[in-house]
Amino acid sequence: MTATAPITQDVLTLPRKPSEGPVNLIGLSRSALVETLIEHGLAEKKAKMRSNQIWQWIYQKGVRSFDQMTNLSKDYRAELASQFVLAVPEVVNKKVSTDGTRKYLMRIAGGHEVETVYIPEVDRGTLCISSQVGCTLTCSFCHTGTQRLVRNLTAAEIIGQVMVARDDLGEWPAAERTRNSETRLLSNIVLMGMGEPLYNFDNVRDAMKIAMDPEGICLSRRRITLSTSGVVPEIAKTAEQIGCLLAVSFHATTDDVRDTLVPINRKWNIETLLAELRAYPKLSNSERITFEYVMIKGVNDSDADARRLIQLIRGIPAKINLIPFNEWPGSPYERSDWKRIEAFSEIIFKAGYASPIRRPRGEDIMAACGQLKSASEKIRKSRVKPDKPASADAQPLR
Ligand code: SAH
Ligand code: SF4
């Protein structure tokens, strides 16, 4: 960006450098890190070695200052510090739920805020991370969907959420004890926070590659789940370029209902989406796809819905995650009764699919699915209301 370019230019692009100033080494892919060191004067061979050392300091030991990189000469450390920064999001607020869930409000460049949630469970610890500030989509049951897209997160801001959570959990360095997934506090990542990850594909991919790198955070690709509302053209790329597990926000069994709940359905309908999903497990070598299904009273929770769902997904290795609808201030729907959710689950289970009911976590701190939205922004005026479906072009879908 030149000095004269308008600041608004990078609102919808994917800035590596959200502002002018020193390059942030965090979030660069391995090859980009080498290139950056070469651009700043190192010979190629040396740059490879140095980048390996720097990489390990950042992602294995969790250091945030060049001065701590003690296997580099003092002079080189000073040189690095004069040219680069190691920047991650800043935690401006942390709330801990009575069930142990932690919700972080993180500030990123430009003064924007995103939310990240850590969910401890008996056999795992899952970090739910955000990929965008707001969302372009307007799913009518989702709190984030009431917020306009402000911008995509950079790869540094995406992997930075993982690093900052590890800071808070005291899980550096990534030593032998923490290498074993079972004993890690942060053992899984789900891209189920704010935003549609497949509308920020390159940055999500670069960040997840860093999370998987064996010489760093070293999470297995099977412990990373990307959730999409159904951005069909990007699904195969997810298998090919990331290889993580896939979850799909399905939520309805007819196009009529899905058009209202997940308006991207007007662009890629159920049939188109399912055709694409059939190829995913083979492409990514993963066992099965998770179908997320939010249970909303009187909208999508009948026995007929459960049976249609089974028909639709026939042949796809799948698990159906039933998510009791989480209310948020002004939300237009109600959660299905518990008995209804259980009956729905039973029908699916009897057809041979796992159908766990997701226990709402962190509700007291508004950290449950679909409740995330930074407090600083205003509710959008043009809401999609269930009784007044917006026309397909009311909100441009990309
Ligand atoms: N944009 C992506 C990922 C973020 S949403 C997607 O839509 O898949 C993460 C999950 O939470 C999605 O399955 C979403 O449908 C669900 N969700 C959103 N609002 C919810 C609510 N109010 N109650 C329960 N689940 C909700
Ligand atoms: Fe965006 Fe996902 Fe919420 Fe839909 S459910 S508005 S795609 S974050």
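Please treat every number below as a calculation from the coordinates, not as lab data. Note that the structure is predicted; figures quoted are calculated from it, not measured. When we count neighbours, we look across all protein chains shown, and the Cβ atoms used for this are built from the backbone with ideal geometry, even at glycine.
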Within segment 316-345, the residues whose backbone N lies under 13 Å from a label point placed 7 Å from the Cα of R288 along the Cα-to-Cβ direction are 316-322
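Which order, highest average first, do 50-63, 130-143 follow once you tally other Cβ atoms within 10 Å for each residue and take the mean per peptide?
Values: 50-63: 19.1, 130-143: 23.6.
So the order, starting with the most tightly packed, is 130-143, 50-63.
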Expected vector for segment 184-191, Karplus 3J(HN,Hα) from phi with 6.51, -1.76, 1.60 and θ = phi - 60°, integer Hz, x for Gly and Pro, equals 7, 6, 10, 10, 9, 10, 10, 8
Given backbone amide H placed at 1.01 Å from N, residues whose amide H is under 5 Å from that of V23, ignoring those fewer than 5 places away on the same chain, are V85
Label model pair R148, E35: point-to-point distance (7 angstrom along the Cα→beta-carbon line) in nm is 3.3 nm
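Nearest 5 is fine: what % of DSSP beta bridges in segment 90-383 come out antiparallel, could you say? Mind dumping the intermediate values first?
On the way: 20 of 42 bridges.
The answer is about 50 percent antiparallel.
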Output row, site T272, 7 Å Cα→C-beta label point, backbone N cut-off 19 Å, window segment 192-207, residues 196-201
The answer for T228, listing residues at least 5 apart or on another chain whose modeled amide H is closer than 5 Å to its amide H, is A247, V248, S249
Shape call for segment 23-85, from the Cα gyration tensor axes a ≥ b ≥ c (a/c under 1.5 means rounded, otherwise prolate when a/b beats b/c, else oblate), comes out rounded
Whole-Hz Karplus couplings 3J(HN,Hα) for segment 262-272, θ = phi - 60° and coefficients 6.51, -1.76, 1.60, Gly and Pro as x, run 10, x, 5, 4, 5, 8, 10, 7, 4, 5, 5
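Taking the mean number of other Cβ atoms within 10 Å as a proxy for protection, how do you rank 80-86, 247-253 from highest to lowest?
Details: 80-86: 16.9, 247-253: 24.4.
So the order, starting with the most tightly packed, is 247-253, 80-86.
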Interchain or sequence-distant (5+) residues whose placed amide H lies within less than 5 Å of the amide H of R151 are V133
